[in-house]
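Working notes, beginning with the structure itself.
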Amino acid sequence: MIPCQRHLFAIPDEVAYLNCAYMSPQLRTVTAAGERAAARKAAPWAIAPGDFFTEAERARGLFGQLVGCAADDVAVVPSASYGIGVAAANLPVGPGQRILVLQDQFPSNVYPWRDLAARCGAGVATVPRPGDGDWTPAVLDRLGEGTAIVALPHCHWTDGSRVDLTRVALRCREVGAALVLDLTQSLGALPFSAAEVAPDFAVAAGYKWLLGPYSLGFLYVHPRHHGGTPLEHNWITREGSEDFAGLVTYRDGFQPGARRFDMGERSQFGLMPMAIAALEQLLAWGVEEIAETLAGVTGEIARRAEALGLAVLPAPLRAPHFLGVRFPGGVPPGLAERLAQERVYVSVRGDSVRVSPHLHATAGDVDRLFAVLGGGG
């Protein structure tokens, strides 16, 4: 168990921030890294050509450590939708085939598949939300011959309900379906192994559980797709781009591995040092330890919610780092606003109150949440 790390965040004592699924607070070290990075641009004469590559490679390697893959398997992207777009541009789908998604899945992992299906004469099949909250058998029941792509999260963004990606990946391999993952709401707080799951593509935006800046994320690309087609053709992903004097010698070859999928202007001098600082801290804590610690916090929230007659999923069916709390008659109107008036911050998504703490959460934060919920919502 990790002791409370609130001192590493700039969160006032009077704020109970239980809303990391919306956006994580920034570590003090990440803020400091961003300030130093912004100052660098004031003296561009001190920025050497090699600096365009070193920090991206450092971040690529750290992300690889986090998911258990080689740095060569990692591309730098600006968003989850960009990563899903890369996947959609590189996976074959035939007429009459299906692309499988979850009901109420986050739009960035739905719209690209609707577009691809429309262009290829395929269909998007939606797995209905299961009554017992267990997505895994519901997905496996729909995953069969004729499924070309399975596009999933590790846990549902509205309530933290989990998908067993290892079982789903095994079934995908059995039927020849590609697996594409949006890990934005899980990576950094829920253990994930690229070696074990071996998806075709897996993307995570950096500003939630990776504790990094907005507009920077990472895309895992399985080696079988390293020769694919990037969304954009920028100079820095090309072979030999380290030689600035030779950039007018145009090359057809790319930098090795997944680097061909990197976005242009990959935030080298602004956001990348912030992402590095965040990834270093996550690795220092350990994702297994983060998950175990947050499971204790969300477990206490679940216990107290149930004591008030509210509904939460059983622990085995939900992610350790956040949960959805449901009211018998639906979320009371204005509940999130009333909580915010008391400086308690959560989100309402779908029919649930989404509570998502991190290592800065205290017992007092939980008490303040229930001071409002227990007072009639």
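The values are calculated or read from the model by the stated rules, or taken from the named source; none is laboratory data. Quantities reported herein were computed from a predicted structural model and do not represent experimental measurements. Because the Cβ atoms are built from the backbone with ideal geometry, glycine has one as well, and the counts that use them run over all protein chains shown. Heavy atoms of the whole protein, side chains included, go into the accessibility calculation; ligands, DNA and RNA do not. Shrake-Rupley method; radii C 1.70, N 1.55, O 1.52, S 1.80 Å.
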| task | Would you check if residue 115 is more than 28 Å from residue 348 (Cβ to Cβ), at pLDDT 95 or above and among the acidic types (Asp, Glu)? | result | yes
| task | Could you look through region 326-374, keep only residues that are in contact with a Gly (Cβ under 8 Å, 6 or more places away or on another chain) and over 23 Å from residue 103 (Cβ atoms), and pick out the one that is least open to solvent (accessible area, probe 1.4 Å)? | result | 335
| said: Taking the conditions exactly as written (without any contact (Cβ under 8 Å) to a residue 12 or more places away in the chain, closer than 30 Å to residue 78 by Cα and not acidic (Asp, Glu)), does residue 284 satisfy them or not? | reply: yes
| task | Look through region 20-52, keep the residues that are assigned to a helix (DSSP H, G or I) and of a type in the set (Ser, Thr, Tyr), and return whichever of them is farthest from residue 279 (Cα to Cα). | result | 31
| task | Could you check, for region 17-26, whether at least one of its residues is surrounded by fewer than 17 Cβ atoms within 10 Å (Cβ to Cβ) and touching a residue at least 40 places away in the same chain (Cβ under 8 Å)? | result | yes
| Pairs, please: C-beta under 8 Å, at least 6 apart or cross-chain, first residue at positive phi and in region 242-264, second assigned to a loop (DSSP other than H, G, I, E, B) and open to solvent by less than 80 Å² (accessible area, probe 1.4 Å)? | 257/70; 257/226
| said: Could you list, ordered by first residue, the pairs with Cβ atoms under 7 Å in which the first is in region 330-357 and farther than 29 Å from residue 2 by Cα and the second is assigned to a helix (DSSP H, G or I), at least 6 apart or interchain? | reply: 338/372
| said: If I go through region 214-244 residue by residue, how many of them are among the aromatic types (Phe, Trp, Tyr) and either surrounded by 17 or more Cβ atoms within 10 Å (Cβ to Cβ) or not in a loop (DSSP other than H, G, I, E, B) (or both)? | reply: 3
| query | Which condition number does residue 302 fail, the rest of (1) open to solvent by 50 Å² or more (accessible area, probe 1.4 Å); (2) without any contact (Cβ under 8 Å) to a residue 40 or more places away in the chain being met? | reply | (1)
| request: Quick one: count up the residues across region 29-53 that are open to solvent by 50 Å² or more (accessible area, probe 1.4 Å), in contact (Cβ under 8 Å) with a residue 12 or more places away in the chain and among the aliphatic types (A, V, I, L, M). | output: 1
| field | Single condition residue 55 does not satisfy, out of (1) touching a Pro at 6+ places or on another chain (Cβ under 7 Å); (2) assigned to a loop (DSSP other than H, G, I, E, B) | value | (2)
| query | Can you name the residue in region 263-299 that is closer than 17 Å to residue 33 by Cα and among the charged types (D, E, K, R) and is also least open to solvent (accessible area, probe 1.4 Å) among such residues? | reply | 266
| field | Hits in region 181-196 - residues which are outside any loop (DSSP other than H, G, I, E, B) and buried (at least 24 other Cβ atoms within 10 Å of the Cβ) | value | 181, 182
| request: Please report, ordered by residue number, the helices (runs of 4 or more DSSP H) entirely within region 71-142 with at least 2 residues that are under 26 Å from residue 162 (Cβ atoms), free of Cβ contacts under 8 Å to residues at least 40 places away in the same chain and not aliphatic (A, V, I, L, M). | output: 111-120, 135-142
| task | Evaluate the following for residue 157: is it of a type in the set (Phe, Trp, Tyr), under 15 Å from residue 319 (Cβ atoms) and within 11 Å of the chain's Cα centre (by Cα)? | result | yes
| query | Filter region 305-322 for residues that are touching a Lys or Arg at 6+ places or on another chain (Cβ under 8 Å), hydrophobic (A, V, I, L, M, F, W, C) and open to solvent by less than 30 Å² (accessible area, probe 1.4 Å); which is nearest to residue 365 (Cα to Cα)? | reply | 322
| Which one of 167, 119 is charged (D, E, K, R), more than 20 Å from residue 324 (Cβ to Cβ), open to solvent by 10 Å² or more (accessible area, probe 1.4 Å) and over 21 Å from the mean Cα position of the chain (by Cα)? | 119
